[in-house]
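First comes the structure, then the notes that go with it.
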Amino acid sequence: MKPVRLRAVLYIQMETFEYSEENDRATAAVRIAGLINRLRDGGRLSEEEDRQLDGWLAVGDNRRLFERLMDREQVISDVRAIDDYDKEAVTEAIFGRLGLQYPIEVKRGPWLKTWASAAAVLVLVAGAIWILMVSRKGAKMEVASSVLKKDILPGSDKATLTLGNGSSVALSGRRHIELGIQGDSRLTDQGGHLTYEFSGPTSATEYNTVATAKGGQYAVTLPDGSRVWLNAASSLKFPTTFSRKERMVQLTGEAFFDLVASKDHPFRIEIAGKGEIEVLGTRFNVNAYDDEPSVKTTLVEGALRVNALAGGGFSRSVVLSAGQQALLDRGHITVANDFNAAQAGAWKEGYFSFSGMTLEEIMRQVGRWYDAEIVYEGDVKNERFAGSALRSANASRLLEVLALTKTVQFTIEDKKIIVKPYHP
């Protein structure tokens with residue numbers, strides 16, 4: 001059997017939606033999904049349906065999930081991917097864990113026909129019901145395949161800004177404060193987002209570095225207006241004023257770039273000892289962690305050039321088009337066309353996306369985001385999984401979902417996650 005895919009499609013917080021029966025909660029989840037599906041197909045909602053959807057959108061991260069579900073190509077991809085898995089076994093396992101009777105009876109109505117015709121109920125049953133039930137306020141559930149002695153909180157907006165004079169400033173997602181002038185830029189920490197705004201010409205140019213530790217992330221608006229999102233355990237070094245010839249920055253770890261176009265001022269990203277990325281104006285993700293086997297550059301929009309560094313100079317260059325990914329490894333570049341492009345930037349949108357990943361690849365992400373040590377006891381690193389989960393959830397929530405595959409189990413001890421083969 002292939003690994004289980006569990007898509008967190010709907011995330012309904014039960015303090016807002018109170019229902020006395022499990023079937024009523026399931027019916028509500030399917031109904032909201034049906035309304036979203038109708039809107040995506042260009043249909044209209046009644047006033048009552050508008051009120052129901054607005055109530056759901058006002059809760060937690062539901063608006064972000066709504067935007068994701070309105071993407072027809074994304075939903076089609078999800079449905080096709082689920083066809084690769086044993087849906088009956090997955091659904092029965094989930095319902096069994098939740099203590100619900102399977103199959104579940106969902107109240108029917110004219111809206112259900114439209115939803116069912118889209119086949120997206122396959123995504124809903126394996127994902128929404130799970131998330132819906134375990135997110136209930138005060139709900140607790142034991143997962144036999146996981147032994148969780150202590151939970152680990154998710155990462156948050158936090159970073160350190162190192163100024164040109166060597167002094168450092170702690171950045172936090174909980175405040176809004178002006179940090180003064182660097183070069184010809186005024187710095188403002190806007191709570192999770194550091195901005196550089198032109199304050200007047202000066203001859204002084206200093207270099208600043210924004211760095212996140214494990215369990216941190218931060219966004220930066222550079223002096224030219226370009227935006228960069230830094231993932232956990234990453235850093236970006238850049239001048240407070242870009243030169244007239246080019247815009248050069250240095251990256252470690254992972255970042256998503258949304259650059260301001262300028263044909264006369266190419267943007268260059270230096271990846272120490274590995275290579276360089278040259279762009280004009282584009283949106284892309286760069287994963288350049290030292291513990292990853294290759295540097296992955298995934299182009300969402302525009303065009304860019306990846307230059308491989310070997311033997312003291314650039315050994316090869318490749319130009320990427322939108323929808324392509326370059327893998328840079330020890331001076332060699334491979335271009336991939338068949339991959340999940342949405343997966344590369346999922347972290348910026350608040351998701352883990354594990355399409356076709358090995359457990360070892362997944363746990364590297366988990367270790368960075370939850371600032372946890374990963375310890376393996378047994379041969380499980382090459383097990384493959386597919387699916388997605390919210391980064392805002394505690395570590396136990398993600399591990400419980402992975403454990404449902406009955407291929408792996410976990411133990412949390414302080415800041416350590418022990419990974420073992422599944423044993424009933």
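The values are calculated or read from the model by the stated rules, or taken from the named source; none is laboratory data. Since we're looking at a predicted model, the values are computed, not measured. As a convention, Cβ positions derive from the backbone with ideal geometry for all residues, glycine included, and neighbour counts pool all protein chains shown. Each accessible area value is taken on the protein alone, full model and side chains, heavy atoms only, with ligands, DNA and RNA left out. Shrake-Rupley method; radii C 1.70, N 1.55, O 1.52, S 1.80 Å.
I need the Kirkwood Rh of the range 258-317: take the reciprocal of the average 1/r across all distinct C-alpha pairs and report it in angstrom.
Radius from the Kirkwood sum: 12.1 Å.
With a 1.4 Å probe and every protein chain left in place, work out the accessible area per residue of the range 219-304 in Å², rounded to a whole number.
With all protein chains present, the range 219-304 gives 38 Å² per residue.
Given the whole protein assembly as supplied and a 1.4 Å probe, what does the accessible area of VAL169 come to in Å², nearest 10?
That residue has around 40 Å² of solvent-accessible surface.
Please label the shape of the range 222-353 as rounded, prolate or oblate, based on the square roots a ≥ b ≥ c of the eigenvalues of the alpha-carbon gyration tensor (a/c under 1.5 means rounded; beyond that, a/b larger than b/c means prolate, else oblate).
Rounded, since a/c falls under 1.5.
Using the Cβ atoms and a cut-off under 10 Å, what net charge is assigned to the surroundings of GLY331, where Lys and Arg are +1 and Asp and Glu are -1?
My count for the surroundings of GLY331 gives +2.
Direction-averaged shadow area of the convex hull around the Cα atoms of the range 295-405, nm²?
Average projection, Cα convex hull of the range 295-405: 8.6 nm².
Skip the ligands, DNA and RNA, and give the accessible area per residue of the range 320-424 with a 1.4 Å probe, whole Å².
Accessible area per residue, the range 320-424: 41 Å².
Let a ≥ b ≥ c be the square roots of the eigenvalues of the Cα gyration tensor of the range 181-292; is it rounded (a/c under 1.5), or, if not, prolate (a/b larger than b/c) or oblate?
Judged from the Cα gyration tensor, the range 181-292 comes out oblate (a/c at least 1.5, b/c at or above a/b).
Which of LYS296/LYS348; LYS158/LYS245; LYS214/LYS263 have a Cα-Cα distance over 24 Å?
From LYS296/LYS348; LYS158/LYS245; LYS214/LYS263, over 24 Å: LYS158/LYS245; LYS214/LYS263.
Give the distance, in whole Å, between the Cα centre of the range 316-335 and the Cα centre of the range 222-295.
Taking the Cα centre of the range 222-295 as reference, the centre of the range 316-335 is 16 Å away.
I'd like the carbon and sulfur percentage of the solvent accessible area for the range 329-393, probe radius 1.4 Å, heavy atoms only, ligands and nucleic acids excluded.
Carbon and sulfur together cover 41 percent of it.
Which whole-Hz ³J(HN,Hα) couplings does the range 324-329 yield from phi under the Karplus relation 6.51 cos²θ - 1.76 cosθ + 1.60, θ = phi - 60°, glycine and proline marked x?
These are the phi-based 3J(HN,Hα) values: 10, 10, 9, 10, 9, 9 Hz.
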